[in-house]
1. Given contacts defined as C-alpha pairs under 8 Å and at least six residues apart, what's the relative contact order of the chain, whole-number percent?
2. Compute log10 of I(q)/I(0) for the stretch 83-145 with the Debye formula, placing one identical point scatterer on every Cα and leaving out solvent, at q = 0.15, 0.22, 0.28, 0.29 Å⁻¹, to two decimals.
3. If one computes the Cα centroid of the stretch 312-391 and of the stretch 6-84, what distance in Å separates the two points?
4. Please list the radius of gyration and Dmax for the stretch 57-166, considering alpha-carbon atoms only, with Å as the unit.
5. When only DSSP loop residues count, what GluC sites (Glu not before Pro) in the stretch 180-254 have their Cβ near at most 15 other Cβ atoms within 10 Å?
6. Apply 1/(1 + (r/R0)^6) to the Cβ-Cβ distance of Leu285 and Ser392, taking R0 = 45 Å, and write down the FRET efficiency to the nearest 0.05.
7. So what are the ³J(HN,Hα) numbers for the stretch 37-45, from phi and the Karplus equation (6.51, -1.76, 1.60; θ = phi - 60°), rounded to whole Hz, Gly and Pro as x?
8. Starting from 0.36 nm per residue, how many nanometres of slack lie between Glu232 and Tyr3 once their C-alpha separation is accounted for?
Amino acid sequence: MNYYTPEISDGIFWIGSKDWNRRMFDALIPLPDGTSYNAYLVRGSRGTALIDSVNPGFENELLDKLRSLTDIRALDFVIMNHAEPDHANAIKAVMDISMDSKLVTTQKGAKMAQVFYKIPEQRLVIVKDGDTLELGGRTLRFIEAPWLHWPETMFTYVEENSVLFTCDYFGAHTAAGFYDDEVEDLLSAAKRYFGEIMMPFKAKGAQALEKIKGLDIDIIAPSHGPIYRDPERILDMYRLWTAGKTREKAIIVYVSMWSATEKMIRSISESLMSEGIEISYFNLLNSDIGDIARELVDSRAIVLGTPTVLGGMHPLAVYAAYLVKVLKPPLLYGVALSSYGWGGGAVGQLSEMLKPTKIEVVGAIEINGPASDEDLRKVAMLGKELAAKIRSSG
Ligand SMILES: Cc1cc2nc3c(=O)[nH]c(=O)nc-3n(C[C@H](O)[C@H](O)[C@H](O)COP(=O)(O)O)c2cc1C
Ligand SMILES: [Fe+2]
Ligand SMILES: [Fe+2]
C-alpha cells in the first residue's frame, strides 16, 4: 500500500493511522466519526525519534510508514507522552526492531511502560520538566503536564520548529481531515472530546495552559484528530473550557416510561426557552453520551427528569447522574422532575447522588401519576425561577 506520510514541518512527519470504522472508545464513548492515532517521526542530523504510536491492530501500518522514512533499526528514541494503549501499545513492536532505541518518558510513565508494555528498565530514559534531547537541529524539550487525563502525561516541544506534541490534550475523536481548517465541525468534536476526557481534570488542564503560555507555538500536533496549524483556535476554546466558563444554557436530560415525566420536561423546556435560555435536550433512551458530555462543558444548569422505578431512579437516569458526578462539569444549578405511582423515591436518590457536586438545587417537583395542568403550571414557574438564576450569574 502507498502510505501517506506528510511532512508537517521541516523534518517532522505524520505517520499515524486513521481508524474510520471505530465506533466505541474505552468501551464507553460513541465515536460517530471514527478517530485517528497520530504518531510522528522527528528527524535530526544526528538522530531520529518516534513521538507516540498507534492503537493495537495498527502496528504494521506504523512499521511500514516508519520504514518508508528511515531504517527502524537505527531509530534512537521513542517518546511516550502518554501510556494509554491507543498511543503506547505499538511502542513495543517498534522497540523490538530498534534494539538500541530508548524510551523517553516521565517518572510515572517509566513505571507504566514497565507494567503495561514490559519495557526493560535499562531502555528507559526518565525526563523532567524542561529537560531537552538534541537530535541535531531538532531539540526536543519536555514539558510535564500531569493528569491529562492519566498521571504520567507530558508534552514534547520541538524548539527549532515551534511544534508542540500534546497527545490527548487538544485532541478530537475524528478520522476526518488532516489540518484543523479541513474539518468543518472540528471545534464541536474537540468540545465533545474535552467533555468526555478532559473535563474532570480541568484544573490540571488550566495549569498546563499556564505552563505553555510563553511558548512560541506554530503547530499543535495532538494524537487524535487534525493538527492545528492555527493553534490559537483551540487554545482560545481550551482557555474557556478549563476555566469552566458557562453560557446562559440549560441541559435537559430525562427518561420517561409513560410520558408523565416527559410532559413536565416539555413544560420546563418551553418555560426556559420563553425566558431566552438556550437549551439542549436529551431523552436518555436515544441519546449519545458524548453529545451530553459536550453540552455539559458550558451549560450553567441541568434539569434531570426520571420516574420512580423499583423505589428509585430509572437506571438510565442513574447512569446520567453518575456521569454528571464524575465528569465534574461547571454546572451551577439543578432541577429535578419526577413522577411516581405509589411511593416515590427517585428524587431522594437523585439528591443523594448529586450531593458531592456543587450544584445548587433550585427546586424539585415530584408528582403522583400523570401531571395535571396545575402541576405543569408549577413546573413552568420553576422554569422561570431557574431562568432568573441562570441569568443572574455568569
Ligand atoms: C417497572 C416499573 C417500576 C415502578 N416502580 C415504582 C416504584 O417502585 N415506586 C413508585 O412509586 N412507582 C413505581 N412505578 C410507577 C411509575 O413511577 C409511575 O407510573 C410514573 O408515573 C411513571 O412516570 P413516567 O410516565 O415518566 O414513566 C413503576 C413503574 C414501572 C413501569
Ligand atoms: Fe488517553
Ligand atoms: Fe488517546
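1. 12
2. Rounded to two decimals, the profile gives -0.48, -0.99, -1.27, -1.29.
3. If we compute the Cα centre of each part, the gap is 45 Å.
4. For the stretch 57-166, the Cα radius of gyration and maximum Cα-Cα distance read 13.4, 35 Å.
5. Details: sites: Glu182, Glu184, Glu196, Glu210, Glu232, Glu248; in loops: Glu184, Glu248.
Counting only loop positions with at most 15 other Cβ atoms within 10 Å, the GluC sites (Glu not before Pro) in the stretch 180-254 are Glu184.
6. Once the sixth-power term is evaluated, E becomes 0.85.
7. 10, 8, 10, 9, 10, 10, 10, x, 6
8. Working: separation 229, 0.36 × 229 = 82.44 nm, distance 3.00 nm.
Stretched out fully, the Glu232 to Tyr3 stretch lengthens by 79.4 nm.
All of the numbers you see were taken from the coordinates with simple rules; none came from a lab. None of the values given here were measured: they were computed from a predicted structure. When we count neighbours, we look across all protein chains shown, and the Cβ atoms used for this are built from the backbone with ideal geometry, even at glycine.
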